[in-house]
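The values are calculated or read from the model by the stated rules, or taken from the named source; none is laboratory data. The structure displayed is predicted, hence computed values, not measured ones. Every residue, glycine among them, receives a Cβ derived from its backbone with ideal geometry; neighbour counts consider all protein chains shown.
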Amino acid sequence: MGNITLKKVNKSFGETQVIPSIDLNIQDGEFVVFVGPSGCGKSTLLRLIAGLEDTTSGTIEIDGRDVTGEAPAKRGLAMVFQSYALYPHMTVRNNIAFPLKMAKLDQALIDKKVTDAARVLNLTNYLDRRPGQLSGGQRQRVAIGRAIVREPSAFLFDEPLSNLDASLRGTMRLEISELHHQLKTTMIYVTHDQVEAMTMADKIVVLNAGNIEQVGSPLELYNKPDNLFVAGFIGSPRMNFASGQVAAPFNAHTIGFRPEHTQISRESGSWAGVVGVAEHLGSDTFLHVHVDGIGMVTVRTGGNVAVEHGDKVFLTPDADRIHRFDVKGLAIR
Amino acid sequence: MARAVSTRRTIFFTIAAWIVALIIFFPILYTIITSFKSETEAIQGFNLIPSGTIESYIDVQTQKDYFKPFMNSVILSVGSTILALLISVPAAWSMAFSPTNKTKDILMWMLSTKMMPAVAVLVPIYLIFRDFGLLDSRIGLMFMLMMINLPIVIWMLYTYFREIPGEILEAARMDGASLWGEIWYVLTPMAVPGIASTMLLNIILAWNEAFWTIRLTTTNAAPLTAFIASFSSPQGLFWAKLSAASTLAIAPILIMGWFSQKQLVRGLTFGAVK
Ligand SMILES: Nc1ncnc2c1ncn2[C@@H]1O[C@H](COP(=O)(O)OP(=O)(O)OP(=O)(O)O)[C@@H](O)[C@H]1O
Ligand SMILES: [Mg+2]
């Protein structure tokens, strides 16, 4: 079981308050992703759950048990660090076996579990190597292996893929998702990567300056952002915003419309603009169009559009896809 | 082309390094050469070719017993090193892994004690030793050597411990290691190379320490430094015998240094290369 509940959790480092007060419930078996800009407190929140940092106030419960004051090992959680944090002087086999050895399991059982984990993670041929003799992806798999042999009630990942190159990141992303489907264990995953958050999560927690801005499934956040911050943070390229004169007809202080929900035409449309830079990705093209009264608007179109720098075009946002926000930046529904 | 340039550079640096090394090593070399001369040869001026006599060594051995000061040197250097490690490992540990905002100040303060000339505290320390009956005792001297090297030992260990990433210790904690498990299975194996080279360096420093060892001992606890000094007085200078005594005194440490040079180089360049 891995049901984790945070109640009014607050964390300050000396004078600096990093997390004012967070309430959060994570269901058993969920894949939860914490996203947010750098320095917003994602790692701190994860470390509070792990027990590597003490809460300043508030309580943390795992399966209904108050673990706020408990040592990390007692919480039954496993963590995968960004730097992998493998033991450099131990072989891969001993790295994976370490938590089992600490739990004083008997050697035969340890060997069996290590062999099983190595098979799942394709590490069988590397068991006798040292971490220094492995590639980044292999090291990451060892770190995951060390986590899974313990059969923890939840896994904690702190940006585990950020040290890998793009293609390896893609592969590892799939492997971790696959692992989640196999194990059905709660996973909490910290990232600032849009794609990781959207593709892996059952539930995304968007953090900003230590506060939760919104919690929901990837599509909920994409379709119904609660506020300007979430609207701007989720989705790539970023949502376009317009306020004042442009927003007034929609009875809103600010309106937002996504690049993929904006139509472009040479003949007619709501707003006239001039094409600036066009980014051709092959499958898609991102056009940066300058519109008077709004500024730079990003538009996503198909791969083969025949517009060029300096062309005059008209833009029309999809009427049912316009997000409206009030003065405080909260969504109007 | 690039290859030619780099070969020329290599040759240049090799020659330069040999010259520097020879200049540094020359006093020791000349001491060894002189030790194989007779006293008359030795005062005749600069001469690189000794007659090869070993009469100085025989004289040294018959005049004074080499074994006792040698044993004292071993006991004092190894003993003071063990004492220093017992204190400095926990000290450096706590400063490296749970630093406070005063940690840097404490480190600076410890280093600053090394900047004071030893003569400045000679009289008070001599009096303390006299009043506690520690003059010419191995225990007293061991303690003294430990104290004077402690700042350097703590600094070195601190630097080593600092290089051990905190996340690895956190991983061990997550993996269920107790504090002792963390120290024993994770920290110690990673710290051993650092501790070993610190230990070697400290043994050498203690072995060569001449100011306090000469002043606080007479016969019982006198190590090899005092053994050398005893040949420079009072009947006048006997260069050959003095050289023979010096050679005997530095030989053990030179041999030890030779066999542990890899460790030492890593120890002395710590922080410089990562
Ligand atoms: N030990 C500490 N002492 C003081 N301040 C800290 C400490 N650890 C973190 N902070 C501060 O807490 C804030 C949140 O840090 P945290 O590492 O949780 O951010 P993050 O969201 O993980 O950022 P990133 O995406 O860059 O990893 C930062 O402003 C940071 O400076
Ligand atoms: Mg972080």
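In the stretch A:49-68 there is no residue that is within 13 Å of ligand 2 (Cβ to nearest atom), more than 14 Å from chain B (Cβ to nearest Cβ), among the charged types (D, E, K, R) and closer than 26 Å to A:A197 by Cα. Say we look at the stretch A:83-104 and pick out the residues that are of a type in the set (S, T, N, Q) and more than 8 Å from chain B (Cβ to nearest Cβ); which of these is farthest from B:A172 (Cα to Cα)? Top of the filtered list is A:T91.
State whether the residues of the stretch A:311-320 include one that is buried (at least 17 other Cβ atoms within 10 Å of the Cβ), of a type in the set (V, I, T) and within 25 Å of A:H192 (Cβ to Cβ). Taking every residue of the stretch A:311-320 in turn, none turns out to be buried (at least 17 other Cβ atoms within 10 Å of the Cβ), of a type in the set (V, I, T) and within 25 Å of A:H192 (Cβ to Cβ). In the stretch A:177-196, what residues are more than 16 Å from ligand 2 (Cβ to nearest atom) and under 13 Å from A:V32 (Cα atoms)? Selection gives A:S177, A:H180, A:K184, A:T185, A:T186, A:M187.
Against the conditions (1) surrounded by 19 or more Cβ atoms within 10 Å (Cβ to Cβ); (2) within 16 Å of ligand 1 (Cβ to nearest atom), A:N163 satisfies every one except (1). Answer with yes or no whether A:G14 is more than 16 Å from ligand 2 (Cβ to nearest atom), within 14 Å of chain B (Cβ to nearest Cβ), over 23 Å from A:K184 (Cβ atoms) and buried (at least 16 other Cβ atoms within 10 Å of the Cβ). It is false that A:G14 is more than 16 Å from ligand 2 (Cβ to nearest atom), within 14 Å of chain B (Cβ to nearest Cβ), over 23 Å from A:K184 (Cβ atoms) and buried (at least 16 other Cβ atoms within 10 Å of the Cβ). Screening B:I204, B:I152, B:I168 for residues that are out of contact with any Lys or Arg (no Cβ under 9 Å at 6 or more places or on another chain), in contact (Cβ under 8 Å) with a residue 12 or more places away in the chain and either farther than 24 Å from A:A50 by Cα or not in a helix (DSSP H, G or I) (or both) leaves exactly one candidate, B:I204.
Only residues that are under 20 Å from the mean Cα position of the chain (by Cα) and polar (S, T, N, Q) were counted in the stretch A:4-32, giving 3.
Would a scan of the stretch A:243-261 turn up a residue that is assigned by TED's automatic domain parsing to the domain that holds A:P37, in a strand (DSSP E or B) and either at pLDDT 95 or above or surrounded by 15 or more Cβ atoms within 10 Å (Cβ to Cβ) (or both)?
no
None of A:F157, A:F250, A:F241 is among the aromatic types (F, W, Y) and within 16 Å of ligand 1 (Cβ to nearest atom) except A:F157.
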